[in-house]
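Worksheet for the structure shown next.
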Amino acid sequence: AGPIRFLWLVREPELVAAVAPRLAEAMVKLADRLELVIHVTSAKDVAELKPIGGGGNPVACAAGRPDVTAAIRDAWPEEDGAVGVYACGPEALMEAATAGASQRGKAT
């Protein structure tokens, strides 16, 4: 099985804290496959965010909103083959996710 790249945009850091134990479990179980990137969009500074531990490789949360189109477009190398892009959220986020997948020639 191929890599799992999980880009999560979340508004509130409290939600990250609430699911951190489950994310840490997933990181341990899928340590060789899981790449987790979390952006807390309401945060102004990374100093207010705690990393999530798991598998000896903690994940740092980023503050602010990333360029979603670029993040999805660049999330996988060409040789990875078939890729599924799953997104949910406001219309602007969905459009950015679709644009990123389309720029790679992949369907969403």
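Once ligands and nucleic acids are excluded and a 1.4 Å probe is used, how much of Glu35 is accessible, expressed in Å² to the nearest 10?
The accessible area comes out at roughly 90 Å².
For the range 4-103, report the translational diffusion coefficient in µm²/s to the nearest whole number, using Stokes-Einstein at 10 °C, 1.306 mPa s, and a Kirkwood Rh over Cα pairs. Write down the numbers at each step before the final one.
On the way: Rh = 14.3 Å.
For these conditions, the coefficient is 111 µm²/s.
Karplus couplings for the range 36-50 from phi (6.51 cos²θ - 1.76 cosθ + 1.60, θ = phi - 60°), rounded to Hz, Gly and Pro as x?
Calculated HN-Hα couplings, in order: 10, 10, 10, 10, 9, 6, 7, 6, 9, 9, 5, 4, 8, 10, 9 Hz.
With the calculation restricted to Cα positions, what are the radius of gyration and Dmax of the range 6-59 in angstrom?
Rg and Dmax of the range 6-59, Cα atoms, are 10.9, 32 Å.
The values are calculated or read from the model by the stated rules, or taken from the named source; none is laboratory data. As the structure is a computational prediction, the values presented were derived from the model and not from experiment. Areas reflect the complete protein model, heavy atoms only, side chains present, ligands, DNA and RNA absent. Shrake-Rupley method; radii C 1.70, N 1.55, O 1.52, S 1.80 Å.
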